[in-house]
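What follows is one structure encoded as structure tokens, with my remarks underneath.
Readers should treat all values here as calculations from the given coordinates under stated rules, not as data from a laboratory. Since we're looking at a predicted model, the values are computed, not measured.
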């Protein structure tokens, strides 16, 4: 039997909210970012939601965000994410995506999450989903702190390259593989597999999918992730592009793609407080 996999983008494809932006508040409360940084991220989101983002704008925003993360303590980031993943985020998984994941597993296909968000966020969500592998953005660390350099940015053509590497490692025949995404930036990844599907596509991806005769699906029924994936799965295997990353990198990607401005409107009461407060 030929080995195959189903590659899933995460935000707005599998879950009905940003996997990364929800950590703006915990990062603020944990002392990693200040209120001005939160508001700047919100403003950037608003601007990009109106006019989109070209490659130059994305590169500039990515540089700003990685500069913000320079010097962050890796252990602190992991601790904040671990403390808040369930209580604050508890991402809502689309029921349709959950059904697809179960169908692919039943057919013997491995589940691979491929997300531009940071590995700190994507890996624990991947575990909740029962994914076999995770590909995510990762940053360089030295002595337990982020240097501000990106080791791997899971975006655009890099996603397609990662899919090819994971397929080679896993022995997948890409012609028998599936891929799902909502964004035109994932067109290279979708084009790598024999069975691509546009899910909740943006305007550009919808147009491209129609031109290529690809299926277009709308996922509209979010349910609690814990209600659908209640049994803790085995640890996620790391794929070719998995490693240490910064969740904040996903803020840049998310700002250029999504429009949930209110998600970073301000802090909310919680366990984490700014250092020195």
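Quick look at the values:
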{"quantity": "Residue-span extension gain [residue 107 to residue 223] - 0.36 nm each, minus C-alpha spacing", "calculated": "39.4 nm"}
{"quantity": "Residue-span extension gain [residue 216 to residue 79] - 0.36 nm each, minus C-alpha spacing", "calculated": "45.5 nm"}
